[in-house]
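Chemist: Here it is, the structure in full.
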Amino acid sequence: MTSHLYNDAESGSRGGSLAIVLLVGLVWIAMLAGDWWMRFAWYHWQTTLTARPIVAEGPDAPLVRQEVKETRGGDLTGLLGIPALARRFEQTRSATLNLSDEYGFRNIPPVKNRYFPLVAVGSSYIVAGETMSNTFSAALSRASGRDVYCYGWAARGPLFSVTRFLGDERFATNPPRVMVWGLVEREIGGDMLAELVKRLKGLNEEPLGAGVPGGRRIAWSVLAPRSVQKSLPASSVIAHLSHRAWNGIRYYVFGQLGPDVCFAARPVGGKPVLMYKWAIEAMKWTPDQRKPAKVVETLKFLDSFCKARGIKLVVMLIPDKEQVYRDRLPPEMDTPESPIPDSTLNAVEAGLRREGVPVVNLLGPFRERAREDVLLYWADDTHWNSEGIELAARCVWKEIEEKRLLDSP
């Protein structure tokens, strides 16, 4: 009798364990299914698997009119992932109206059949601006008194927008006099920029969109194992929530910040400032890693490529916030064991000037203002604020004016 009861108890225990395992398994499957659904429905991961051949399509839908409410916080407070702590650094962005032109770029329409003597090309820094009136292109238009077209494309790296612009049929027949290409310091490396030469030579052989009007093609490079390995976590709700939860545990239990963000050692303009650790690590890259001579060689090729199309190039070298406010870096980020070398922007500028390529190195003017305790970037973000944008536009216009780049031929 006892043996029978024992067997029944053991059988019930196994059944309960199996039920728990099945329940956990079902919950896990449901979470994975939901994660993949969000990957397609929210993050639109599938759009990265194909490349659009028609260059007239911009980063946004054409003629979008979007009313944006007042917001607080930037990309660095998002990376911080600790709301109570983030509120110390958050800055307010005013309510605004965002517009896209007939081609999906951040310009006030209409732009069709208008001539733009100046075009600003680049990634998120070119698009950035609290309102339509304080983007870099708008600030350069005020400084120059000329129409400036914003051909910025955020979140696609430094090469994407310049390649798309130089292959865009809209500007092939009626090119601007000047193209300003903004290069952010942490994106500058000889090996990476050398890819631009290959892309530009490809434009000569087959213009973007040739042979497949209106269609799409598979972006095979995105399907490479290494690319997929990087893209999947970036489009995963589970990964983002886990990262945020671990940041909270790390801070509240161990008193440590996450791996992405650190505090500036001193305020700027009376404001506490967040800094991007990855940008600080990029500052430590040696000349052997940066290869400034190779950077200059690529930009010299780009200059010749632009001239052949009737366009004069101006390279705008944009320093990271951490480089400008280098004296406010946390002490542990710049030690005798791991020192930070001179900015690569200075070597690139010197090389371009020797080659006669127009260049604006913003590091000097930005550091000069920083010494006056002026904040040129958002305290809670990696991007420049309206003060930084205005200063950059004035510096670029000074170079264009002194070199008489808008004059013929």
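Chemist: Which pairs break 30 Å Cα to Cα here: K112/K398; K291/K403; K69/K312? Mind dumping the intermediate values first?
Modeler: Working: K112/K398 28 Å; K291/K403 28 Å; K69/K312 39 Å.
Over 30 Å apart, Cα to Cα: K69/K312.
Chemist: Let me ask another. At a Förster distance of 22 Å, what's the computed FRET efficiency of W278 paired with T335, Cβ-Cβ distance as r, to 0.05? Walk me through the intermediate numbers first.
Modeler: Values: r = 18 Å, r/R0 = 0.82.
The formula returns an efficiency of 0.75 here.
Chemist: Order by neighbour count: D373, D260, fewest other Cβ atoms within 10 Å first, most last. Display every interim value, and only then the final one.
Modeler: Details: D373 11, D260 17.
Least crowded to most crowded, the residues run D373, D260.
Chemist: Given axes a ≥ b ≥ c from the Cα gyration tensor, I'd like to know whether segment 268-409 is rounded (a/c under 1.5), prolate (a/b larger than b/c) or oblate. All intermediate terms of the calculation are to be shown ahead of the outcome.
Modeler: On the way: a/c = 2.72, a/b = 1.47, b/c = 1.85.
Here segment 268-409 falls in the oblate category.
Chemist: Can you list the aspartates and glutamates whose alpha carbon is less than 19 Å from that of K294, not counting same-chain residues fewer than 8 positions off?
Modeler: E185, E187, D191, E195, D303, D342, E349, E355
Chemist: Go through 290-299, 22-31 and give me the packing order, highest mean Cβ count within 10 Å leading.
Modeler: 290-299, 22-31
Chemist: Considering amide H positions built from the backbone, and no H for Pro or chain starts, which residues 5 or more places from Y149, or on another chain, come under 5 Å of its amide H?
Modeler: L118, V119, A120
The numbers here are math on the coordinates, done by the rules we state, and not lab data. Treat the numbers as computed from the prediction; the structure is a model and nothing was measured. A quick note on method: Cβ atoms are made from the backbone with ideal geometry, for glycine too, and the neighbour counts reach across all protein chains shown.
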